[in-house]
Amino acid sequence: MAKEPTPKEMQRIDYNPPAPGWMDTPVNIKPGMYCYPAKPEKIMDVDMPNPHKWSVTDEDWHLPADWKETFLEGMRDRLNKHRSFKIFMDICVRCGACADKCHFFLGSGDPKNMPVVRAELLRSVYRGEFTKAGQILGRLAGGRKLTPEVIKELWYYFFQCTECRRCSLFCPYGIDTAEVTIIGRELLNLLGLNINWIQEPVSNCYRIGNHLGLQPHTYKGNIEFLLDDIETYVGIRINPTFNRKGAEILFATPSGDVFAEPGIYTLMGYLMLFEHIGLDYTWSTYASETGNFGFFTSLEMAKRLNYKIYAEAKRLGVKWILGGECGHMWRVIHQYMDTFNGPADFLEEPVSPITGTKFENAKSTKMVHITEFTADLIKHGKLKLDKSRNDHLKVTFHDSCNPARAMGLLEEPRYVIKNVCNHFYEMPENTIREQTFCCGSGSGLNASENMELRLRGGFPRANAVRYVHEKHGVNVLANVCAIDRAALPALMDYWVPGVAVAGISELVANALIMEGEGPRTQNLRGEDIPGREEAGDV
Amino acid sequence: MNLSEFIKLNRDRILDAWFLSIANTYPAETVKFLTENRDKFTNPMGSTFREALPAILNVLGGPEEEIAAASSAVRDIVRVRAIQNFSPSSAVAPFYYIKGLVRKFVCDATAKDPVPPKELDAFDARVNSLLFLAFDIYMECRETVWRVKYDELMKRPFMVREGVMCPSYLLKKGMSVDDMEKIGGAE
Ligand code: SF4
Ligand code: SF4
């Protein structure tokens, strides 16, 4: 929470309140801006309420008969349960400091994407239905009644927020609009109004273990494909284990790394790194997803999905968990896991078996971020690296919202990149680290049907990438998040053609000197490394 | 006075008015922000428009055949508006506004040394060419959106069958869709 602002700070705040007229602007739902509704059977899979068929463009969304009571009752529950929610509903002074901080506002120019207005959409219902002043004075006190039209507006705009928390950084009162969105989406879920891009992964993850519903043999089969590729490009055969009881460490990562470009190259990077240091670890075909789309549905669903990783760690009897490059997963682990399912006292406080470093920050959750782990290996000189293999790359780093703002993972990725690449360039200061601009596709909004929304939301990020692309010739946008790897290629394609997207572990592996390796004339993507085609590695 | 001299003399005023006319295509609350924040990175839309307009105005002052020289600046503006809530005509309308703006400035100026009407007609013709260029670029952007969507779908395994590697990767490995079907299939 931010401390109370001093009068001087208050003076600095640009008085830019939302025009009072926003309530008069009817919601105008546009194709390209929303994701398709959740399929009823996917809602039933996880016993969530009110599964029903509906279409966004229909007049009637077929809300359940008691929709109003359900929503308001749900709101009352949450006002009592979450002190933060109650405070966020009560204390906003509409100073406007957050108004121009949202990437969706910056890319769309739509005032309802100003964080203050986004929260106001629900706050007005709170005032109109729960406070005396609002009940009596209505609009004069900024209140309004809940109607089916209001439900549509809430739905449209809460699924135009990536829960990135950039806005909260600038609020003098510490109001976190992402949390308002989280509760807003929970309430919409009470009416069966999720989007399928979130609901289906939730169902798959709950029933099978990962977003796509990859069965154990397919999961393993896909990794074997990538092992073949490593053999081709690197010249060594790696034989990792799956579901091995008694391994020291369980490695868990987003399933996006297992099946889709460019995440698969990041996964090849993990495989090579662990082989290089001789790590005693296992993959699990059950804890085969660390992404948690439950978090974009309801806190209860987030808890259920989070539990699976820990249940698997317990079953396998490992000492601790090493987690791959993921974004929101780390917010869940770092800020929610302990309350959801902790303490994980059946695991040990993580210690790197290679360097002896104790990861005290993971004392309670027992889960360590791969980038911290790798940075520690490099710091202790445990990796043999030839960074000149990455000399054709000019790299910049995109701080993913959650690792940056929710867990403060700011230095480690930069440290790792600088140790495996000779050419690294930062984007402008007001677009990185805590102030990073979201990819525009987080919080389960990385579908394709909402491409216009994603391209708008991603514009501020892309604009900064374009700057370093033009100034320094940057051609790689590195990151530590699976949604980034899935979403940023589209963004670059539209806004800054010529910039590839890569996970950091891919860059590490390309520089790793593996024992018994071949000439290394190609990188993990099977592309010739400039200057090495003929001569071979030297 | 000839028109290009007039434009040179009134350059800043014309550019400001042109920028404002674009900003005004957004809701009132947004106009204030677009106009006031001059930071390239925290106001990407405003700064993109502001940076592109001078280059376009320069080209408009030159011969009609060379309008294509404005392509990259026009693209910077259109790329933003092509994915926003505008109809195709409103997305490219700002390039039309400059016609009226320049005429208004010319008419308002003291008539001591008037710009010959012939020059204004020639200017209008160049603006027309600019509009055609903008429309071509608009279409190019929209087609890019669709291509980007398509490329993304090709990274989704369920394009082929549930539970297989992404098709873009398999195609790269020289596999046909039939081969993919064979190796795919979780059930
Ligand atoms: S959390 Fe992010 S996406 Fe949501 S309103 Fe704030 S800045 Fe916008
Ligand atoms: S949420 Fe905070 S920053 Fe935004 S208007 Fe309210 S008090 Fe100001």
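The values are calculated or read from the model by the stated rules, or taken from the named source; none is laboratory data. Keep in mind that this is a model prediction, so the values were computed, not measured. Here Cβ is always computed from backbone atoms with ideal geometry, including for glycine, and neighbour counts include all displayed protein chains. Keep in mind that these areas ignore ligands, DNA and RNA; they rest on the heavy atoms of the full protein, side chains included. Shrake-Rupley method; radii C 1.70, N 1.55, O 1.52, S 1.80 Å.
Looking across the stretch B:111-158, the residues that are among the aliphatic types (A, V, I, L, M), over 20 Å from the mean Cα position of the chain (by Cα) and assigned to a helix (DSSP H, G or I) come down to B:120, B:122, B:153. With respect to the conditions (1) among the aromatic types (Phe, Trp, Tyr); (2) touching a residue at least 12 places away in the same chain (Cβ under 8 Å); (3) within 16 Å of ligand 2 (Cβ to nearest atom); (4) buried (at least 23 other Cβ atoms within 10 Å of the Cβ), residue A:155 falls short on a single one, namely (3).
Within the stretch A:161-183, the presence of at least one residue that is more than 13 Å from ligand 2 (Cβ to nearest atom) and farther than 17 Å from residue A:401 by Cβ is confirmed.
Cβ-Cβ distances below 7 Å connect the following pairs, each with a first residue in the stretch A:170-182 that is within 14 Å of chain B (Cβ to nearest Cβ), a second residue that is within 6 Å of ligand 2 (Cβ to nearest atom) and part of a loop (DSSP other than H, G, I, E, B), and a separation of six or more residues or different chains: A:170/A:97; A:170/A:98.
Where helices (runs of 4 or more DSSP H) fall wholly inside the stretch A:35-148, the ranges with 1 or more residues that are of a type in the set (S, T, N, Q) are A:67-81, A:83-91, A:103-108, A:115-130, A:132-137.
When we screen A:389, A:454, A:405, A:414 for residues that are under 22 Å from residue B:148 (Cβ atoms) and assigned to a helix (DSSP H, G or I), the only hit is A:454.
Would the stretch A:110-119 turn up any residue that is within 16 Å of ligand 2 (Cβ to nearest atom), surrounded by 15 or more Cβ atoms within 10 Å (Cβ to Cβ), within 24 Å of residue B:37 (Cα to Cα) and more than 14 Å from chain B (Cβ to nearest Cβ)?
Yes - at least one qualifying residue is present in the stretch A:110-119.
A single entry from A:244, A:315, A:304, A:237 fulfils the requirement of being open to solvent by 10 Å² or more (accessible area, probe 1.4 Å), modelled with pLDDT of 95 or more, closer than 26 Å to residue A:177 by Cβ and of a type outside the set (Val, Ile, Thr): A:304. Here the condition is being part of a strand (DSSP E or B), away from ligand 1 (no atom under 16 Å from the Cβ) and over 30 Å from residue A:88 (Cα atoms); of A:250, A:226, it holds for A:250 alone. Residue B:150 meets each of the listed conditions (1) of a type outside the set (A, V, I, L, M); (2) at pLDDT 95 or above; (3) under 30 Å from residue A:489 (Cβ atoms) apart from (2). The single condition among (1) open to solvent by less than 30 Å² (accessible area, probe 1.4 Å); (2) within 16 Å of ligand 1 (Cβ to nearest atom); (3) under 16 Å from residue A:186 (Cα atoms) that residue A:71 does not meet is (2).
For (1) under 21 Å from residue A:85 (Cα atoms); (2) out of contact with any Leu (no Cβ under 9 Å at 6 or more places or on another chain); (3) among the small types (Gly, Ala, Ser), each residue gets a yes or a no:
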| residue | (1), (2), (3) |
| --- | --- |
| A:113 | yes, no, no |
| A:120 | yes, yes, no |
| A:129 | yes, no, no |
| A:143 | yes, no, yes |
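Restricting the stretch A:444-455 to residues that are touching a residue at least 60 places away in the same chain (Cβ under 8 Å) and open to solvent by less than 10 Å² (accessible area, probe 1.4 Å), the residue that is nearest to residue A:431 (Cα to Cα) is A:455. For the stretch A:403-432, the set of residues classified as within 14 Å of chain B (Cβ to nearest Cβ) and either surrounded by fewer than 18 Cβ atoms within 10 Å (Cβ to Cβ) or over 16 Å from residue A:101 (Cα atoms) (or both) consists of A:426, A:427, A:428, A:429, A:430, listed by residue number.
The residue that is nearest to the other protein chains (Cβ to nearest Cβ), among those in the stretch A:491-517 that are farther than 18 Å from residue A:383 by Cα and open to solvent by 10 Å² or more (accessible area, probe 1.4 Å), is A:493.
This table checks each residue for (1) modelled with pLDDT of 95 or more; (2) out of contact with any Asp or Glu (no Cβ under 6 Å at 6 or more places or on another chain); (3) not assigned by TED's automatic domain parsing to the domain that holds residue A:184; (4) not acidic (Asp, Glu).
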site	(1), (2), (3), (4)
A:61	yes, yes, no, yes
A:64	yes, yes, no, yes
A:105	yes, yes, no, yes
A:110	yes, yes, no, no
A:133	no, yes, no, yes
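In the stretch A:292-323, the qualifying residues are those that are closer than 17 Å to residue A:158 by Cβ and not in a helix (DSSP H, G or I), and the one that is nearest to the chain's Cα centre (by Cα) is A:297. Scan the stretch A:367-386 residue by residue and report those that are part of a helix (DSSP H, G or I) and either closer than 25 Å to residue A:162 by Cα or touching a residue at least 40 places away in the same chain (Cβ under 8 Å) (or both). Passing the criteria: A:370, A:371, A:372, A:373, A:374, A:375, A:377, A:378.
Within the stretch B:73-86, the set of residues being farther than 10 Å from residue B:138 by Cβ and within 11 Å of chain A (Cβ to nearest Cβ) comprises B:76, B:80, B:83, B:84, B:85.
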